[in-house]
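For reference, the structure discussed in these notes is given below.
The values are calculated or read from the model by the stated rules, or taken from the named source; none is laboratory data. Since we're looking at a predicted model, the values are computed, not measured. FYI the Cβ positions are ideal-geometry reconstructions off the backbone, even for glycines, and counts take in every protein chain you see. Accessible surface is based on the protein model in full, side chains and every heavy atom, while ligands, DNA and RNA are left aside. Shrake-Rupley method; radii C 1.70, N 1.55, O 1.52, S 1.80 Å.
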Amino acid sequence: MSMLDDTDRDALRGTLRAFIEREVMPHIDAWEEAGGFPRELYQRAGELGILGLGFPEELGGTPGDSTSIIILCEEFARTGAGGLIAGLCSHGIGVPPILNLGSDEQKRRFIPDVLAGRKIAALAVTEPSGGSDVANLKTVARRDGDHFVVHGSKTFITSGMRADYVTIAVRTGPPGLGGISMLVVEAGTPGFTRTALDKKMGWWCSDTATLYFDECRVPAANLLGEENHGFLGIMQNFNRERLMLAAMAVAFAQVCLDESVAYARQRETFGKPLITRQVIRHKLVDMATRIHPVCTWLYELARRVDAGEWPIAEICMLKNAATQCVEFCAKEGVQIFGGAGYLRGAKVERIYRETKVLAIGGGAEEIMKDLAAKQLGF
């Protein structure tokens, strides 16, 4: 990633805000109700360099660092729709294994079209039998000449229905971490099918799917890195994903606060604005009190990651702190809105429904605690 200065970050924020105001805000409620957003949005975002943020420029990327990804989350959070960020940015977890493990030829073949918005990428690790227990994944791939024959299934896959390239974790060797490989499965490959998961609590406009591989023949040329050496690529990806999920959580918590302040100022009760009530002001202060330290921690860890550190324990703890923060702020936001917060259309209502996916996705809260404990030697 390329480090940005304050001027670059301000320019990025301006680009993102203009894009969201023009291309997203007029439509987001309709997209949520429809359960999806137009594929053309990828290409529009690609043309502005939004999808390429932080990826190598020689592959079509644009300068960016971890702080710029936080800015992206902050601006997209203004829509109140986490599914939009998850779907539009699914390449943020689908492409890094190609970048980290793939050959130069594979990078040139798969990455530029994704960053330009012409193709869509997804990551498939989670299976019906479990998500965080990567060492025991059950989707198998056996070598057969110039192909791997894949059999198994993946689930809860963001952009799973529309993805052109799916980076999947498969078992090619013995049980445990040492038998895992990464493959890129292309849309249209015989034996690869998918079904939509469209009965979700939140992230309605995000495409989520279960993927099926029935004797699916994937060219050996699509193996990323060495056979049985894919686990490192998954672990590197988890750190990036968890930092972004924390950024989303903090950004949505801030939206809950902003929306609640605005509503409390215009809503009158017994002849006075709601914000004149001490109990409401205290709720707003409690929300701000939760947000400030987590946001500061988020920016500090982003700086450390860009400096080459891997503070795994702190990233796990940050993710938990951030998701607990947004759960609190969304709950208080709905309470301040009262009945209006129980109706679809209020951002606090949508965010309230989406808090749990942030606390579960990328590693559940309980997994994060256990991983942090091990890293800290507890």
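Summary of values
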read-out: Residue check for Asp5: farther than 16 Å from Ala116 by Cβ, charged (D, E, K, R), in contact (Cβ under 8 Å) with a residue 60 or more places away in the chain and open to solvent by 70 Å² or more (accessible area, probe 1.4 Å); value: no
read-out: Neighbours by Cβ (under 7 Å, 6+ apart or cross-chain): first from region 78-90, open to solvent by 10 Å² or more (accessible area, probe 1.4 Å); second modelled with pLDDT of 95 or more; value: Arg78/Ile20; Arg78/Val255; Ala86/Thr158; Ala86/Trp203; Ala86/Ser206
read-out: Which numbered condition Gln43 misses (of (1) at pLDDT below 95; (2) surrounded by fewer than 22 Cβ atoms within 10 Å (Cβ to Cβ)); value: (1)
read-out: Residue within region 259-281 that is under 23 Å from Ser66 (Cβ atoms) and in contact (Cβ under 8 Å) with a residue 12 or more places away in the chain present; value: no
read-out: Top-ranked residue in region 26-40 [being surrounded by 14 or more Cβ atoms within 10 Å (Cβ to Cβ) and not small (Gly, Ala, Ser); ranked as nearest to Arg78 (Cα to Cα)]; value: Ile28
read-out: Scan of region 51-75 for residues that are within 30 Å of Arg344 (Cβ to Cβ) and open to solvent by 10 Å² or more (accessible area, probe 1.4 Å), ordered by number; value: Ile69, Glu74
read-out: Residues that are part of a strand (DSSP E or B), open to solvent by 30 Å² or more (accessible area, probe 1.4 Å) and among the β-branched types (Val, Ile, Thr), drawn from region 120-157; value: Val140
read-out: Enumeration of residues in region 76-128 that are more than 30 Å from Gly345 (Cβ to Cβ) and small (Gly, Ala, Ser); value: Gly94, Gly102, Ser103, Ala116, Ala121, Ala124
read-out: Unmet criterion (only one of (1) under 30 Å from Gly145 (Cα atoms); (2) open to solvent by 60 Å² or more (accessible area, probe 1.4 Å)) for Asp198; value: (1)
read-out: Selected residue [farther than 23 Å from Ile360 by Cβ and either touching a residue at least 60 places away in the same chain (Cβ under 8 Å) or not in a loop (DSSP other than H, G, I, E, B) (or both)] from Gly178, Gly173; value: Gly178
read-out: The lone exception for Thr167 - which of (1) buried (at least 23 other Cβ atoms within 10 Å of the Cβ); (2) free of Cβ contacts under 8 Å to residues at least 60 places away in the same chain; (3) part of a strand (DSSP E or B); (4) not aliphatic (A, V, I, L, M) it fails; value: (2)
read-out: Complete set of residues in region 297-320 that are small (Gly, Ala, Ser) and surrounded by 19 or more Cβ atoms within 10 Å (Cβ to Cβ); value: Ala302
read-out: Criterion violated by Asn237 - all others in (1) modelled with pLDDT under 95; (2) over 30 Å from Val279 (Cβ atoms); (3) open to solvent by 10 Å² or more (accessible area, probe 1.4 Å) satisfied; value: (3)
read-out: Arg162 in contact with a Lys or Arg (Cβ under 8 Å, 6 or more places away or on another chain), of a type in the set (Lys, Arg) and under 30 Å from Asp29 (Cα atoms); value: yes
